[in-house]
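What follows is a set of notes on a single structure, which appears directly below.
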Amino acid sequence: MNFCSHCGEPVSFAIPEGDDRPRFLCHACGTIHYQNPRIVAGTLPVCGSRVLLCRRAIAPREGFWTLPAGFMENGETTPDAARRETREEACADVALAGLYTMINLPHIDQVFMIFLAELNGSYAAGPESLDVQLFEEHEIPWDELAFPTIERTLRHFFEDRGTDHFPLHVSDITPEQRSAFFGSA
């Protein structure tokens with residue numbers, strides 16, 4: 001950030017009085033510009049014994065498989081964002097069963113929130129997807145998954161399915177784990 005979005009004057013990056021971390025500060029109007037993590041909301045759509053995955057038509061990771069998910073918009077709840085992203089990417093309606101994974105990626109300022117969901121009816125590739133398919137566990141293209149958050153969510157699901165108990169999984173992905181994942185793709 002170079003200029004204040006309130007008054008247009010140059011900003012500096014410093015720790016405001018009474019704070020503990022650097023922020024963009026406008027000395028002309030006194031505005032402190034806070035930057036917060038971005039929330040990625042989505043679903044793990046289930047139909048019988050299969051899960052729905054989308055092949056990405058956009059960067060990053062174009063051509064790789066993912067769950068329908070994307071950045072939350074202002075004015076949305078996380079469930080609303082998850083349903084919207086599923087409609088946009090998979091042209092599908094889902095019934096949410098609850099928050100299933102919350103994965104923190106502090107090194108890229110993101111929090112992934114994936115809801116377990118029941119697929120209701122049809123699905124098709126939306127404008128951000130090249131293809132949308134239902135997969136049995138043994139058919140999952142593990143080496144073609146777009147992000148480590150997707151792999152982790154799917155592994156939790158298939159493990160939990162064996163016990164028919166689907167608790168909330170909260171975890172972090174470190175920069176090293178992220179690098180190792182992308183090194184394998």
Report the Cys residues of the chain lacking a disulfide-compatible partner, meaning no second Cys Cβ under 4.7 Å from their Cβ.
-> CYS47, CYS54, CYS91
Based on the mean of other Cβ atoms within 10 Å per residue, sort peptides 163-171, 86-94, 142-150 so the most packed one is first.
-> 86-94, 142-150, 163-171
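If the chain between ILE15 and GLU118 were fully stretched, how many nm would it gain, using 0.36 nm times the residue separation less the Cα-Cα distance? Spell out each step's value before the answer.
Working: separation 103, 0.36 × 103 = 37.08 nm, distance 4.62 nm.
In short, 32.5 nm is gained.
Please list the equivalent ellipsoid semi-axes of the chain, computed as the square roots of five times the alpha-carbon gyration tensor eigenvalues, in descending order and whole angstrom.
Values: eigenvalues 248, 63, 52 Å².
Values for the chain, descending: 35, 18, 16 Å.
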Cβ under 10 Å from SER129's Cβ, SER129 left aside: what net charge do those residues give with Lys, Arg +1 and Asp, Glu -1?
-> -2
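Of all DSSP beta bridges located in the stretch 38-184, what percent are antiparallel, nearest 5? Each step should come with its number before you reach the end.
On the way: 24 of 38 bridges.
Around 65 percent of the beta bridges assigned by DSSP in the stretch 38-184 are antiparallel ones.
With each run of n ≥ 4 DSSP H residues scored as -39500 (n - 2.57), what mean residue ellipticity at 222 nm is computed for the chain after dividing by its residue count and rounding to the nearest 500 deg cm²/dmol? Could the numbers behind the result be given before it?
Working: 3 runs with 37 residues, N = 185.
The helix-only estimate for the chain comes to -6500 deg cm²/dmol at 222 nm.
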Enter the Cα centre distance for the pair the stretch 1-62 and the stretch 82-126, rounded to the nearest angstrom.
-> 20 Å
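Charges only on Cβ, +1 for Lys and Arg, -1 for Asp and Glu: so what's the dipole of the chain about the Cα centre, in debye to the nearest 20?
Working: 14 positive and 27 negative charges, 35 e Å.
I would put it at about 160 debye.
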When ranked by the protection proxy of mean other Cβ atoms within 10 Å per residue, highest first, what sequence do the peptides 50-58, 76-84 form?
-> 50-58, 76-84
ARG38 long-range amide H proximity, modeled H, under 5 Å | GLN110, VAL111
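Only the coordinates and a few stated rules stand behind these numbers; no lab work does. This is a predicted model, so every value here is computed, not measured. Cβ sites come from the backbone with ideal geometry, for glycine too, and all protein chains shown count toward neighbours.
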